[in-house]
Ligand code: PHE
């Protein structure tokens with residue numbers, strides 16, 4: 001079992017790669033409609049609170065375990081925690097693989113929508129036509145599979161180039177671009193008459209907006225949005241130099257993730273309200289409502305292209321992180337070269353993803369616990385596998401390997417006793433407790 005010797009090219013490169021993993025379809029596609037369904041600020045405020053408490057400590061824990069264990073998720077968990085924790089390392093690798101298989105189906109929709117917006121095909125004032133275009137894309141197994149494989153090809157191509165030349169470079173150029181594009185779209189959206197209602201919907205906070213369900217959903221979303229519990233940050237942590245300050249970098253990653261989710265909310269909701277659309281439109285919000293809105297406003301076609309670029313960039317910087325978990329594992333445990341590992345994953349993911357892609361059409365009758373395959377995999381990974389992964393990291397970093405956690409946390413900068421106690425308390429008690437609540441409600 002070889003430990004790896006690759007390191008990130010620069011600290012900022014690592015922060016952008018970590019933030020790139022966190023910022024994804026979750027922030028741009030899921031966040032606005034979840035905020036919509038869960039009553040706006042009643043979801044957003046708990047999400048921010050969770051991110052800066054358990055979210056950040058679990059993020060620190062994953063990076064710490066990665067750097068101390070220097071290897072794939074499985075290798076790192078095994079070397080710090082022994083064979084028992086190695087099992088959770090293996091589970092994390094499988095979770096990443098499965099998430100990527102269906103994430104790439106949604107990534108395929110993004111490629112298709114970018115393509116269509118470049119061809120000017122999404123500009124129409126017929127909302128029904130947009131609805132049925134999305135419906136028929138999703139139901140058409142062949143098209144769905146083809147776009148999924150297209151997106152997967154992009155992902156594998158980037159990862160095959162390596163950690164520094166592929167993943168880090170992609171994030172370094174595309175993430176700043178993403179922020180600029182999002183700000184441009186937000187300004188356009190906020191300049192529409194009636195846009196303020198959307199801002200109020202997101203940020204007007206009152207206690208009666210808080211619901212138990214909103215809070216629980218916010219907790220689950222914190223996991224998904226910070227890419228926790230599936231070995232990504234462990235894998236990325238293994239590429240960290242000893243001179244990188246982990247708590248400080250984690251704060252940056254969490255901050256960028258939140259900022260992007262809020263930007264996404266601010267680019268979508270004001271436009272939704274200004275155009276009298278339904279904020280609870282669910283998954284169709286960005287694929288149906290947004291094209292409809294952009295079709296109605298001057299220069300909308302241009303902003304539609306920018307919007308679809310944003311979606312694709314966000315999806316890609318996350319999908320490469322999921323793939324890297326599997327590649328690091330194959331390199332570490334099976335001594336495969338990067339190219340061969342990418343080829344093997346490509347074949348497996350293409351096949352598994354097609355099953356998810358077909359589950360909206362011909363495989364629609366196959367139900368697991370009452371859900372189609374795509375929904376089942378998403379539910380199972382987000383509500384069970386990722387929380388289980390998070391729990392194992394909290395127990396490992398907070399109890400079993402606390403000495404090493406503490407040494408890693410304070411390696412570059414000595415943090416105060418209060419900060420250290422907070423991290424320990426959160427990892428030992430708070431995070432496990434909240435994770436158990438997520439799992440219990442998920443079931
Ligand atoms: N954090 C990503 C997003 O918000 C999703 C993701 C989850 C990516 C798990 C990797 C792993 O879209």
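The values are calculated or read from the model by the stated rules, or taken from the named source; none is laboratory data. On a predicted model such as this, the values are computed, not experimentally measured, just so you know. All Cβ positions, even for glycine, are placed from backbone atoms using ideal geometry, and neighbour counts span all protein chains on display.
Only one of these conditions is not met by residue 365: (1) more than 16 Å from the ligand (Cβ to nearest atom); (2) modelled with pLDDT of 95 or more; (3) more than 22 Å from residue 287 (Cα to Cα). Which number is it?
Evaluating residue 365 over (1) more than 16 Å from the ligand (Cβ to nearest atom); (2) modelled with pLDDT of 95 or more; (3) more than 22 Å from residue 287 (Cα to Cα) leaves (2) as the failure.
For residue 347, all conditions in the list (1) modelled with pLDDT of 95 or more; (2) more than 23 Å from residue 251 (Cα to Cα); (3) surrounded by 16 or more Cβ atoms within 10 Å (Cβ to Cβ) hold save one; what is the number of the exception?
Exception for residue 347: condition (3).
If you scan the stretch 273-288, which residues turn out to be in contact with a helix residue (DSSP H, G or I) (Cβ under 6 Å, 6 or more places away or on another chain), assigned to a helix (DSSP H, G or I) and buried (at least 18 other Cβ atoms within 10 Å of the Cβ)?
Scanning the stretch 273-288 gives 273, 285.
If you take just the helices (runs of 4 or more DSSP H) that sit entirely in the stretch 194-239, which of them hold at least 2 residues that are modelled with pLDDT under 90 and either under 18 Å from residue 48 (Cβ atoms) or within 16 Å of the ligand (Cβ to nearest atom) (or both)?
The qualifying helices (runs of 4 or more DSSP H) are 196-203, 212-225.
Kindly evaluate residue 263 against the criterion of being assigned to a helix (DSSP H, G or I), in contact (Cβ under 8 Å) with a residue 12 or more places away in the chain, within 16 Å of the ligand (Cβ to nearest atom) and within 14 Å of the chain's Cα centre (by Cα).
So residue 263 fails the test.
Does the stretch 415-428 hold any residues that are touching a helix residue (DSSP H, G or I) at 6+ places or on another chain (Cβ under 8 Å) and part of a helix (DSSP H, G or I), and which are they?
Those that are touching a helix residue (DSSP H, G or I) at 6+ places or on another chain (Cβ under 8 Å) and part of a helix (DSSP H, G or I): 419, 420, 422, 423, 424, 426, 427, 428.
Looking at the stretch 26-52, I want the residues that are more than 14 Å from residue 255 (Cβ to Cβ) and have a partner that is within 16 Å of the ligand (Cβ to nearest atom) and in a loop (DSSP other than H, G, I, E, B) with Cβ atoms under 6 Å, at least 6 apart or on another chain. Which pairs are those?
29/286
Regarding residue 412, is this residue more than 16 Å from the ligand (Cβ to nearest atom), in a loop (DSSP other than H, G, I, E, B) and surrounded by fewer than 16 Cβ atoms within 10 Å (Cβ to Cβ)?
No, not satisfied.
Among the residues of the stretch 381-396, are any touching a strand residue (DSSP E or B) at 6+ places or on another chain (Cβ under 8 Å) and modelled with pLDDT under 95?
no
Among the residues of the stretch 157-184, how many are over 21 Å from the mean Cα position of the chain (by Cα) and either in contact (Cβ under 8 Å) with a residue 12 or more places away in the chain or outside any loop (DSSP other than H, G, I, E, B) (or both)?
Qualifying residue count for the region: 2.
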